[in-house]
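Quick notes on the structure that follows.
No value in this document is a laboratory result; all are computed from the given coordinates. These figures come from a predicted structure and were not determined experimentally. Virtual Cβ from ideal backbone geometry, glycine too; neighbours counted across all protein chains shown.
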């Protein structure tokens, strides 16, 4: 009886999250899956079931959906490959840097690095557009003053990707940094003390104590950064307009266009679901690589 | 444990029922409110034009007792998604709404708009509006909208820079020769000052078709894409020559780069829509505004879009009296709308003395006669997407005009069903 009561109480605590989880994740997801099996025009009343046709069209090289999807996917992949390592390494670097500061400064710098994360993407884009402007931006202004040629940051490759990655780093790095700071604070101090006695250098301490201790958090950061990078949309949309040509036109831009400009929710949903599957597969691979043969007692 | 799971599944089922009920809720509220004298009106005016439309609606409600119009502003970026969902489900639908001219075709083809052929000529006078306004609201001979305004591309110039270059600050160029001559005089590379900074992205969607039409060409004619035709290639080559041959524009202009330079007083001449007026005013630059010079080789023409009032098909006919009453009021009292920088398509407004005293708006109205609109074909946004990618790459110097346009035509052909 008592046990039953306690599990009922626990269920109550989960309820608010559960309702949100259902309303904003599970139900829309199932609904999206349902839509992806239909010829679902936003403005048409007749929305026949078409089975896997929407999915087949994406993999049919003659269909424009296929080029829309795979070109977008390739551009998204490029961004993921460029941004994730930097998001993780620089996030960890900043965390180490901030943590080694005197306690008084630590709080200040933690806040400073975190602030951009709380700004919306449109503001970020405008700030970087002004900084990077080829002909009137701050950065090129300094470059020309120092005798260099101005760099077309947003209109040529590879600079367009460099700029988008740089803006993304500046925007979101604070989040990873905060998580790493917490992880670093969890590492037991006596491990460092013991290794000091054994004469370990700072680098050895980092490699043999810090990194293994924060490994679960590292995995978490890698996976969340990868998912966030897959979802890139606002930065190229606002900073390069997908250009030059369509070389920074990422997958989400294509999906949004298909859904709300073409009003084809069916094929747009199918694209979104394949994209989600790819993200899940990538996350599983990352998980497997980082956790080869799970050892019994360890977390 | 088992109990717990059962409990969860009951909860899950309950939630599903709740969600389904919420979806089907409000089925009976189609066509706004039930009272024929209470009218809901949607508009995408989330910029400085919003308060102007609000003012018109408030004045109208005060001017008479019979009808009550409620204006609901949906942000531009969300507007057509919201309209789609409302019009399609016939749920929480407005009684009338604003629609851009280039959107009307899509909605008309889906048969969700009321034909206004019986109303215009009867309750609304056709000759009270500029004929071009009607043109952009007509699909296959059927009229679906009453024009609020027409917004063509405009020509702006920096009067201070004109003076500095020894040009008459009150005399904008009229044709290609004058434009090139002025642009070269206005360019001073040592001071990073340019005659005409060529945008590589938006608003090329207005600039490029303007020059194509001035060249006597079309992007689409009789259902056939014309991207590789001589007037189209010439227009793109001309824009590229401004950068590479005449050197009156810097290379590699980024998104809005030309606007930033214009605001900084480093770009002497600029093409953009009339909606930019408030930005120029706020920045305090000494600017002039005029019809677009004839940059093409054949004729005067200017690309434009328009705002129109449309009525969803499912709206009760009883409401039409109230709606037309309001539209006639707007046509007689459009000055507030003109203050937003736009030129109303109603003659009572754009021919009035008060209107003619404004700075920008009469220049907008002068271009009505030459206005050309988006091709009347479904999915034009998608079909023209490869074209503007080509324009982008050619103006960035990454491809040659002819070859880029050939590729664009090939790609766009897929979308043209």
Note down the relative contact order for segment A:26-290 as a percent, whole number, built from C-alpha pairs under 8 angstrom at least six residues apart.
-> 31 percent
Any chance you could give the angle, 0 to 90 degrees and rounded to 10, that helix B:76-89 forms with the longest Cα principal axis of chain B?
-> 40 degrees
Using a Gaussian network for chain A with springs between C-alpha atoms less than 10 Å apart, which of these wobbles most: A:180, A:260, A:220?
-> A:260
With chain A treated as a Gaussian network of Cα nodes joined by springs under 10 Å, which of A:41, A:242, A:147 yields the largest mean-square fluctuation?
-> A:147
Restricting to Cα pairs under 8 Å and 6 or more apart, the percent relative contact order of chain B works out to 23 percent
Would you mind ranking B:244, B:339 so that the residue whose beta carbon has the fewest other beta carbons within 10 Å leads the list?
-> B:244, B:339
So what's the gap between the Cα centers of segment B:243-268 and segment B:78-131, to the nearest angstrom?
-> 39 Å
Work the Kirkwood hydrodynamic radius out for the protein assembly as shown: mean of 1/r over every pair of different alpha-carbon atoms, inverted, in Å.
-> 29.1 Å
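Using Cβ counts within 10 Å as a stand-in for footprinting exposure, how do B:171, B:110 rank, fewest first?
Least crowded to most crowded, the residues run B:171, B:110.
Please state the shape class of segment B:52-137: rounded when a/c is under 1.5, otherwise prolate if a/b exceeds b/c and oblate if not, all from the C-alpha gyration tensor.
Oblate, because a/c is 1.5 or more while a/b does not exceed b/c.
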Which percent, nearest 5, of DSSP beta bridges in the protein assembly as shown are antiparallel?
-> 65 percent
How far is it, in nm, from the label point at residue A:130 to the one at residue A:66 when both lie 7 Å from their Cα along the line to the Cβ?
-> 4.7 nm
So the angle from the long Cα axis of helix B:49-63 to the longest Cα principal axis of chain B, reported in degrees to the nearest 10, equals 50 degrees
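Rounded, prolate or oblate for chain A? Axes are the square roots of the Cα gyration tensor eigenvalues, ordered a ≥ b ≥ c, and the cut-off for rounded is a/c under 1.5.
oblate
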Treating every alpha carbon of chain B as one equal point scatterer without solvent, the Debye formula yields log10 I(q)/I(0) values at q = 0.08, 0.10, 0.11 Å⁻¹ of -0.51, -0.75, -0.88
Just order B:43-55, A:91-103 by mean Cβ neighbour count inside 10 Å, highest at the front, would you?
-> B:43-55, A:91-103
Mean residue ellipticity (222 nm) of chain B, computed from DSSP H runs ≥ 4 via -39,500 (n - 2.57), nearest 500 | -13000 deg cm²/dmol
Rounded to the nearest 500 deg cm²/dmol, what is the calculated helix-only ellipticity per residue at 222 nm for chain A, with -39500 (n - 2.57) per DSSP H run of length n ≥ 4?
-> -21500 deg cm²/dmol
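Which shape class, rounded, prolate or oblate, goes with segment B:284-395 when its Cα gyration tensor gives a ≥ b ≥ c as root eigenvalues, a/c under 1.5 marks rounded, and past that a/b bigger than b/c marks prolate?
Taking the square roots of the gyration eigenvalues as a ≥ b ≥ c, segment B:284-395 is oblate.
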Which percentage, to the nearest 5, of the DSSP beta bridges contained in chain B is antiparallel?
-> 65 percent
Max mean-square fluctuation residue, GNM over chain A, Cα-Cα springs under 10 Å, options A:13, A:77, A:24 | A:13
What ranking do A:275, B:99 get, fewest neighbouring Cβ atoms within 10 angstrom at the top?
-> A:275, B:99
